[in-house]
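Heads up: the structure comes next, in structure tokens.
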Amino acid sequence: MLQVFAFEKIGVVLSDLYFVDPSPHKGQEGPERGVRLEVRVMTQGELTGSIYSARPIEVAQPVWRADLLEAADAPGSFNRTHHHPGFQGWEPGGRVFDRGLSSDPVHWVGEQLTDLKGLLDQAGLDGDGGLAGDADDLRAAVPEIERALSGLLDRVRAGELAVAPDGDVASARISWL
């Protein structure tokens, strides 16, 4: 499932995720599941038909990512929860583990989203690049984003989302993100 919160130039996207790394780091072996949240650049396309036509929307380049993951056999542990403060193009930087993120992931992510400038600065981007309106709108939407994030996590735990593929797999990534 994909959920999108789009503002003028920045958006927040959330999706359930089931992941099996074919070359895991030590301690990261086995399937992971949970929710991925990314701050992304958003672009509104021009209308391609009448004034009533659908507008093309691009969910573009990622800026920041939080992975609220846990080993599939350890529900509720958030033992693989981490974030990526920046990207090189489409590739995330290394996993950064934070005790606060693992102990209260929804609240921790909400706190990060209240500081769009800080997230952009961490990512090596200009945090003042004409995004003051987006920062205010994002900050106001944080409670709704936290509710959506909690709802997705509840559905993952209930076995409705981030479901393992059939059969034994050595590599898998089932997600919009």
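Values in this text are rule-based calculations from the coordinates and carry no lab data. Every value quoted in this text rests on a predicted model; they were computed, and no experiment measured them. With ideal geometry, Cβ positions are generated from the backbone for all residues, glycine too; neighbour counts draw on all protein chains shown.
Counting Lys +1, Arg +1, Asp -1, Glu -1, what net charge surrounds VAL156 among other residues with beta carbon under 14 Å of its beta carbon?
Around VAL156, the surrounding residues sum to -2.
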Among GLY93, GLY167, GLY76, whose mean-square fluctuation peaks in a Gaussian network model of the chain (Cα, cutoff 10 Å)?
-> GLY167
When N is the residue count of the range 24-84, what does its C-alpha Rg come to as a fraction of 2.2 N^0.38 Å?
-> 1.73
Two pseudo-spin positions, 7 Å from Cα along C-beta at LEU47 and at ASP73, lie apart in nanometres by 5.7
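Check each of the chymotrypsin sites (Phe, Trp or Tyr not before Pro) in the range 39-147 and keep only those in coil by DSSP with at most 10 other C-beta atoms within 10 angstrom; list them in order. Could the numbers behind the result be given before it?
Numbers: sites: TYR52, TRP64, PHE78, PHE87, TRP90, PHE97, TRP108; in loops: TYR52, PHE78, TRP90, PHE97.
Of the chymotrypsin sites (Phe, Trp or Tyr not before Pro), the ones in loops of the range 39-147 whose Cβ has at most 10 other Cβ atoms within 10 Å are TYR52, TRP90.
In the range 16-75, what GluC sites (Glu not before Pro) fall in a loop by DSSP, with at most 15 other Cβ atoms inside 10 Å? Spell out each step's value before the answer.
Numbers: sites: GLU29, GLU32, GLU38, GLU46, GLU58, GLU70; in loops: GLU29, GLU46.
Answer in residue order: GLU29, GLU46.
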Give the Rg/Rh ratio for the range 32-170, taking Rg as the radius of gyration of the Cα atoms and Rh as the Kirkwood radius, to two decimals.
-> 1.02
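Given the rule -39500 (n - 2.57) for each run of at least 4 DSSP H residues, summed and divided by the residues of the chain, what is its mean residue ellipticity at 222 nm, to the nearest 500 deg cm²/dmol?
Numbers: 4 runs with 47 residues, N = 177.
Result for the chain, helices only: -8000 deg cm²/dmol.
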Using a simple spin-label model with points 7 Å from Cα along the Cα→Cβ vector, what separation in nm is obtained for GLU29 and ARG95?
-> 1.4
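Kirkwood Rh and Cα-based Rg: tell me the resulting Rg over Rh for the range 37-118, rounded to two decimals. Could you put the intermediate results ahead of the total?
Numbers: Rg = 16.7 Å, Rh = 14.8 Å.
Computed over Cα atoms, the ratio is 1.13.
Find out how many positive minus negative residues lie around GLN28, taking Lys and Arg as positive, Asp and Glu as negative, among other residues whose Cβ is under 9 Å from that of GLN28.
Details: positive: LYS26, ARG80, ARG95; negative: ASP21, GLU29, GLU32.
That works out to 0.
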Roughly how many whole Å is it from the C-alpha centroid of the range 44-58 to that of the range 134-177?
-> 28
